[in-house]
Every structure is written in C-alpha cells, then in structure tokens.
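Inspection log for the structure reproduced underneath, given as structure tokens.
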Amino acid sequence: MAGTLIFCWIAWTIWAVYTETPPGADNPTELAQLVGQSVDERDASALDALIKPKTAGEDYIGDYLEELDRIGAGAISGTYANDLVTVRGASHNGTPICTTWPVVEGADRWYITPVPDPILTGCAPAS
C-alpha cells in the first residue's frame, strides 16, 4: 500500500512538472494578449510569469496593479508592435491609460521587461 502511494505521488509530481506552462510566451503577439489579460484581471501571478526573470523589483507588479485599481482602470487590452507590448484602457472617468514594455526573447520564450528603452515609445497618440 505504501509503495503504491509513493509511486502515485512520484507520478503526479512528474506529471505536474511536465504539464506546467513555462513562463513567458511562445511569441510576441501571444505575449501581448496574455499581458493584457493578466493586467485586466489584476492577476499578479500571471503577469509575473510574463516578466523577464530578475528584472522587476519585489513590489513592481503589486504596485502597478494597485495603481490601476486606484484609478479604476478597466477594459484593458494588450497589443504588440515595434518591439513593444502596449496595454491600453481607460480610468473610471474615461481618461485613457497606456503602459508600454519592451519585449525580449530568452530561452526560446518571449517576455516583457520593466527596464525602459529610451528610444522606443508606444503611448503617443496615433496620427
């Protein structure tokens, strides 16, 4: 009986490790969709998995999502263009909101990085 339980536990652990979604995204377009969704849902764990490892401070995600809650941000979606993921939405009073993150590739996965690129910009109004 104990042997069967140990075998089942080992099998479940192996299954859980191999079926777990790896951090990042398969491509930049998927990354933008996942970032937009996790920000809109205020899902800190999901957003954390999309940020390049070891680039964001301990409170970065929580502080960002808390600020969105403070202004009542909603209807948030993410897009990818020009090596940036941009999330856009509106505050509770209709003021447009926008955040951009540079996109980087690492270990065959795509991530956003909170390290700003001084040349890239994505929040300027479209002409």
Margin query: So, Thr55, is that one among the β-branched types (Val, Ile, Thr) and part of a strand (DSSP E or B) or not?
Written below: no
Margin query: Name the residue that is surrounded by the most Cβ atoms within 10 Å (Cβ to Cβ), counting only residues in the stretch 1-48 that are modelled with pLDDT of 95 or more and assigned to a loop (DSSP other than H, G, I, E, B).
Written below: Arg42
Next item on the list: Give the number of residues within the stretch 67-96 that are of a type in the set (Ser, Thr, Tyr) and within 17 Å of Ile112 (Cβ to Cβ).
Entry: 4
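The values are calculated or read from the model by the stated rules, or taken from the named source; none is laboratory data. None of the values given here were measured: they were computed from a predicted structure. All Cβ positions, glycine included, derive from the backbone under ideal geometry; neighbour counts span all protein chains shown.
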